[in-house]
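Worksheet: the structure to be examined is printed underneath.
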């Protein structure tokens, strides 16, 4: 890994954000809008506080954490799409840049996005609804780290599909993550799922993070089992999708499609 | 040990049942300009892409600086660059930002000084802070050429580098390339559909047809071998034989 090459790619993306309002909106406007809509729903539901205790904490906390996963995935796929839109893949991969360095740069961009979006949402949640995400305490750190990893996994997987199937598969950059939302049990516990779907959710690391968060808020018990499951699954999947990305990269080089991805 | 900087041996690329490049072998010496000539679909671009590590050959080897491209991709590509009329650089960045990203990608020291050199040499001063999307096609061609020369390559692959330039700028570009070759020993693989340019620039020419080399030598040797008046006549004869 050559860090100067990773830095070069990160700087290339920062140049883009520096003067692009639509790209900045992606970081500020959409997360803010999400928070406003869900915030009002939460305020309404809070009127039933007796029947559903801690509803504000559950829903707003879940929303902010879901956005961590979503933006983490977007950070990877949008960075790749930017190169397709700019027809820049040939310039990059005809340079000494390796596929691993490319992925590393998209992961750094993803982290930047997650940090920016989390700050926007946390501050807005506190200002408008008096909700502090830090109510979760230090457990917030491993929760976020795991969701970032899950976002990377979905992002690298989606990127590989776009690389393999071309720009036609571009829509996956926005839609793929929502395929995982029902089985991530973001806003409801895993036990409400039918048993067959519960089995599918169980192998989804994000579901364990959200289960862990709810458990922590409800009982204050350390979510060690949930975090262990989430971390273990994340590491296995991350290794698998990185391997698959490299394999897809080589298949595309063999078929000559790498230089035609944007066509 | 061979003195060739580039050694291509029995290179072939098949896409399913279609053979794009068929048993192609050639060398490029230090400071040599090799012209790659052929009609559209002859296999020039696929050869370029294989030499840049963007397409994996079906068989054959590509060695540069004595190293095999498959095994030493990073070390080789650090010393290679390319320019083509058919590529661009990110439109949302300025000319200078694009050059700065490329310089960082290749880990260049004295980045600012080298960018200034290129801007001056390719007369890009007036538009160095302009967004790339606002450049004319001729300016874009100059930018991609600046990107290619910026990294001090030892081997340069140029695909129709003067195609969209006016005669004055095209002449200046050719002069710059010849000067770079003279001062740095730059080796160049060059394609163009301008036969006069090919004669002027190339030390040797290889003519590709349907993926195979059908003629090789200096422009004069090729013209004499085919009994034609000039390189353009040879091109027309071979292209129409397809």
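Oblate is the label for the stretch A:94-146, because the ratio a/c of its alpha-carbon gyration tensor axes (a ≥ b ≥ c) is 1.5 or higher and a/b is not greater than b/c.
Take the Cβ atoms of residue B:30 and residue B:72, set R0 to 25 Å, and the FRET efficiency comes out at 0.85. Against the main long axis of the alpha-carbon atoms of chain B, helix B:231-240 sits at an angle near 60°. Modelled spin labels at residue A:47 and residue A:28, positioned 7 Å past Cα toward Cβ, are 3.3 nm from each other.
Among A:137, A:215, A:39, the largest mean-square fluctuation in a Gaussian network model of chain A (Cα springs under 10 Å) belongs to A:137. Give me the angle, in degrees from 0 to 90, between the Cα long axis of helix A:140-165 and the longest principal axis of the Cα atoms of chain A, rounded to the nearest 10. Taking the Cα atoms of chain A, the angle to A:140-165 is about 40 degrees.
Going by the alpha-carbon gyration tensor, a ≥ b ≥ c the square roots of its eigenvalues, is the stretch B:41-112 rounded (a/c under 1.5) or, if a/c is not under 1.5, prolate (a/b greater than b/c) versus oblate? If you can, show how the numbers build up before the last one.
Values: a/c = 3.25, a/b = 1.48, b/c = 2.20.
Here the stretch B:41-112 falls in the oblate category.
Note on the stretch B:93-170: the alpha carbon radius of gyration divided by the globular reference 2.2 N^0.38 Å gives 1.04. Each of residue B:111 and residue B:233 was given a label point 7 Å from its Cα along the Cα-to-Cβ line. The distance between the two points is 5.4 nm. Pairwise Cα separations in the stretch B:4-240 fall into 10 Å bins from 0 onward with the following percentages, short to long: 8, 32, 36, 20, 5, 0. Averaged over the residues of A:249-259, the number of partner chain Cβ atoms lying within 10 Å of the residue Cβ comes to 4. Note: the stretch A:113-263, Cα convex hull, 136 Å³ per residue. Helix B:137-150 and the longest principal axis of the C-alpha atoms of chain B enclose an angle of approximately 90°.
For the stretch A:102-124 and the stretch B:8-59, write down the distance between their C-alpha centroids in whole Å. A separation of 42 Å, based on Cα centres.
For peptide A:12-20, what's the mean number of Cβ atoms from other chains within 10 Å of each residue's Cβ?
Details: counts 10, 2, 0, 8, 4, 1, 3, 5, 1.
Whole-number average of other-chain Cβ neighbours for A:12-20 is 4.
Is the shape of the stretch A:1-66 best called rounded, prolate or oblate, per the rule: a/c under 1.5 gives rounded, else a/b larger than b/c gives prolate, else oblate, with a ≥ b ≥ c the square roots of the Cα gyration tensor eigenvalues? It comes out oblate by the Cα gyration axes.
Springs between Cα atoms under 10 Å define the GNM used for chain A, and in it the highest mean-square fluctuation of A:230, A:62, A:116 occurs at A:116.
The ellipsoid equivalent to the alpha-carbon distribution of the protein assembly as shown has semi-axes of 54, 24, 18 angstrom, derived from the gyration tensor eigenvalues as √(5λ) and listed largest first.
Of all the options A:18, A:71, A:164, the one that moves most in a Gaussian network model of chain A with Cα springs shorter than 10 angstrom is A:18.
Just so you know, all these numbers are worked out from the coordinates, no wet-lab data involved. Here the structure is a predicted model, which means the values were calculated and not measured. Don't worry about glycine lacking a Cβ; one is built from the backbone with ideal geometry, like all the others, and counts go over all protein chains shown.
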